[in-house]
1. Go through 12-20, 56-64 and give me the packing order, highest mean Cβ count within 10 Å leading.
2. Straight-line reach from K17: which lysines have a Cα under 23 Å away, not including same-chain ones fewer than 8 places off?
3. Return the calculated 222 nm mean residue ellipticity for the chain, to the nearest 500 deg cm²/dmol, obtained by summing -39500 (n - 2.57) across DSSP H runs with n ≥ 4 and dividing by the residue count.
4. What residues have an amide H closer than 5 Å to that of K119, excluding those fewer than 5 places away on the same chain, when H is modeled at 1.01 Å from N in the peptide plane?
5. Against the longest alpha carbon principal axis of the chain, how many degrees, from 0 to 90 and to the nearest 10, is the axis of helix 53-63 turned?
6. Calculate, in nm to one decimal, what I6 and S97 gain on full extension: separation in residues at 0.36 nm each, minus their alpha carbon distance.
7. Rounded to the nearest 10 degrees, what's the angle between the helix 42-51 long axis and the longest principal axis of the chain, both from Cα atoms, 0 to 90?
8. Take Q48 and T22, extend 7 Å from each Cα along the Cα→Cβ direction, and tell me the distance between the two endpoints in nm.
Amino acid sequence: MDNQLIVEKSWWRKNWKWSLPTLVLLFIIVIGLILSLSIDGNVADFAQAYSDNSLYEKAIEKAKTNDRVLEVIGEIEPIDKLAILEGNVIYSNNNNSVVLSVRVKGSKGKGKMDISANKNGEDWHYKKISIRVKEPKEEIHILKE
């Protein structure tokens, strides 16, 4: 018998003919998706909301003082950065007005917090803060002008 070592081709050498075009197509799709999102400003809005912690942290503090929120949702946890990306954000008026919807979790339940605010200098002046809950289905108004 002959004891010769069989050298196998690497994965890339065996599969380059289909994997290279697939990677190029995937890259084109991702670039197209990013460009289509940035055309209407959504990427910039999410980036700004992602970096402006005071916008939603102060709204959470106001919500924590509401008895109905404490009864239905419980003690609200701090909002994680992924919740901002999952929500909806629309800035207007030279980025001095915002309408934001973000998920919130508490010790008893979860919901969506809707915020409408105007920026006055460095501080946000809230026009509306409410939390929508599925179980029981209701909208808890924390602040409404």
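Computed from the coordinates by the stated procedures, all read-outs in this text should not be read as laboratory data. Please read these numbers as outputs of a predicted model, since none were measured by experiment. Cβ: placed from backbone, ideal geometry, glycine included. Neighbour counts: every protein chain shown.
1. Highest mean packing first, the order is 56-64, 12-20.
2. Filter leaves K9.
3. Numbers: 5 runs with 62 residues, N = 145.
Calculated at 222 nm, the ellipticity per residue is -13500 deg cm²/dmol.
4. Under 5 Å from the amide H of K119 lie the amide H atoms of S97, H125, each far enough along the sequence or on another chain.
5. It is inclined by approximately 50 degrees.
6. Stretched fully, the I6-S97 segment lengthens by 26.0 nm.
7. The angle comes out near 70 degrees.
8. Between Q48 and T22, the simple spin-label model gives 4.0 nm.
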